[in-house]
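Visitor: Have a look at the structure that comes next, please.
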Amino acid sequence: MQRLGIIICDRWRRCAGGKCLRAMKDREGAFARYGDEEIELVGYTTCDGCPGGNVEYAPAEMKKNGAEVIHLATGLLVGYPPCPYIDDFRRFIEEKYGMEVVLGTHPIPQNYHQTHQTLGTWTSPAWRERIGWTLADEATRTSYD
């Protein structure tokens, strides 16, 4: 069983987690990586706003609850502008806590995909890698609008 935590962008702090939880249940987006393996969510919180003060402490609590993987939620990728600290968060969590970090949770909603395509946000190889797990087909993206 994989136990995991999710850290969302604070601008979505009122998010009830519906898209993340749906994707986790249906193994879509970044949760597709687990296939049929059983997974359990052991923590869900915000980054606490820029520059992400909660990222310093929340993974420790999640790790105490058994988390082996931290997902930095799709909102960090699709908000505008995308989180400027996402690479720092990933590096910090991996190095400080020895936990794997996955960028993304649910598939990118189609409306965000269209906006970022128009703006050219994700054209670099680095951004293509960052959104890799969350870039689904158009029908799936539309179902997450």
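The values are calculated or read from the model by the stated rules, or taken from the named source; none is laboratory data. In this text the structure is predicted, and so the values were computed from the model without any measurement. Reconstructed Cβ throughout: ideal geometry from the backbone, glycine too, with neighbour counts over all protein chains shown. The accessibility values were calculated without ligands, DNA or RNA, using every heavy atom of the protein model including side chains. Shrake-Rupley method; radii C 1.70, N 1.55, O 1.52, S 1.80 Å.
Visitor: Hey, rough spin-label estimate for N65 and R33, points 7 angstrom out along Cα→Cβ, what's it come to in nanometres?
Guide: Taking the two extended label points, one gets 1.9 nm.
Visitor: Less than 16 Å apart at the alpha-carbon level, and either on another chain or at least 8 residues along: which lysines does that give for K96?
Guide: By straight Cα distance, K96 reaches K63, K64.
Visitor: What's the FRET efficiency of D87 with D145 using the Cβ-Cβ distance as r and R₀ = 25 Å, to the nearest 0.05? Intermediate results must be reported in sequence, preceding the final value.
Guide: Details: r = 27 Å, r/R0 = 1.09.
Result of the calculation: an efficiency of 0.35.
Visitor: Between (1) 100; (2) 117; (3) 133, which entry matches volume of the Cα convex hull per residue in Å³ as derived from the coordinates of this structure?
Guide: (1)
Visitor: Another one. For region 108-142, list residues with backbone N below 16 Å from a point placed 7 Å from the Cα of Y80 toward its Cβ?
Guide: Hits in region 108-142 for Y80 at 16 Å: 109-123.
Visitor: Could you tell me which chymotrypsin sites (Phe, Trp or Tyr not before Pro) in region 12-82 are loop residues by DSSP with no more than 14 other beta carbons within 10 angstrom of their beta carbon? Intermediate results must be reported in sequence, preceding the final value.
Guide: On the way: sites: W12, F31, Y34, Y44, Y57; in loops: Y57.
Those that pass, being in a loop and sparsely packed, are Y57.
Visitor: What order do W133, W122 take when sorted by accessible area (1.4 Å probe), most exposed first? Intermediate values should be presented prior to the final figure.
Guide: On the way: W133 125, W122 5 Å².
From most exposed to least exposed: W133, W122.
Visitor: Evaluate E = 1/(1 + (r/R0)^6) for N111 and A16, where r is the Cβ-Cβ distance and R0 equals 22 Å; express this FRET efficiency to the nearest 0.05. Provide the component values of the computation, followed by the final result.
Guide: Details: r = 19 Å, r/R0 = 0.86.
Efficiency, rounded to the nearest 0.05: 0.70.
Visitor: What accessible area per residue, rounded to a whole number of Å², is obtained for the chain using a probe radius of 1.4 Å?
Guide: Numbers: 7290 Å² over 145 residues.
With the other protein chains kept in place, the chain gives 50 Å² per residue.
Visitor: Here is a further query. Loop by DSSP (not H, G, I, E, B), at most 14 other beta-carbon atoms within 10 Å: where is the longest site-free stretch of the chain for GluC sites (Glu not before Pro)?
Guide: That gives 39-145 as the longest site-free run.
Visitor: Between E95 and K25, what FRET efficiency follows from the Cβ-Cβ distance if R0 is 25 Å, with the result rounded to 0.05?
Guide: E between E95 and K25, to the nearest 0.05, is 0.20.
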